[in-house]
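The values are calculated or read from the model by the stated rules, or taken from the named source; none is laboratory data. The shown structure was predicted, so the numbers you read here are calculated from the model rather than taken from an experiment. Methodologically, a virtual Cβ is constructed for each residue, glycine included, from the backbone with ideal geometry; neighbour enumeration extends over all protein chains shown. Each accessible area value is taken on the protein alone, full model and side chains, heavy atoms only, with ligands, DNA and RNA left out. Shrake-Rupley method; radii C 1.70, N 1.55, O 1.52, S 1.80 Å.
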Amino acid sequence: MPSSRVLLGVVALTAAAVAGCGTQSTPRAAATPPRPEASTVAKETPEVTAEESPSAEPDTGATLEVNETLVDQESRERARSAPSGDPVAPKDTHIPAPDEYGFGAAAATAQDGEVVAYIPRVTGGRLIVPLTIHNPGSGRVAYTINVRVTGGRSDADVTVPVKASNVFPSTTWPTEADVTAAGTQDAKNLKVTLRVTKKSLSFG
């Protein structure tokens, strides 16, 4: 029965081959994960605005607006804190003449009218002789004036020195001499005389 044996051997080999095919599997390539759709990526990626981005340029318009607001607030605050009244700078730069001081009538003159003594007056219990010293020249001048008053209560002479050390050209220096020692009973009857020394000054 040799043919039967051969047939059985062929069947056995065929069964073994079939069994081997069932146990050994052909290796498959690694599965590639599915690519997300473009719409999904767009939803998951956060939006970066100019304000959140560290490299974005600063908003200079907003900064300027804030600075201008602060400046306006400071200006209004200074205006509220400023003192009231007229400006400090003089409005009238006119240089008064000797007769514009309101001293009244002249009692004596000297130095060709440059020095004028006016009728004595009682002011605050003091006997005062008003004076104006006018420099008509082109240079500075120093004046020394002895104001002499005769009469009054004691009927005695009273001499008071007055100095104007730096009178500028074309200006008038108003001043006064206190002659209270001559008395205050009748100021209008006092006699006033002047003695003037004049010295020109250089601009050095």
Item to check | All positions within the stretch 131-161 that are assigned to a strand (DSSP E or B) and open to solvent by 10 Å² or more (accessible area, probe 1.4 Å) | outcome: 134, 142, 144, 146, 148, 150, 158, 159, 160, 161
Next on the checklist: For the stretch 148-170, check the following and say yes or no: at least one residue is touching a Pro at 6+ places or on another chain (Cβ under 6 Å) and either closer than 30 Å to residue 93 by Cα or in contact (Cβ under 8 Å) with a residue 24 or more places away in the chain (or both).
Outcome noted: no
Checklist entry - Based on what the data block shows, is residue 199 in a strand (DSSP E or B) and farther than 19 Å from residue 108 by Cβ? => result yes
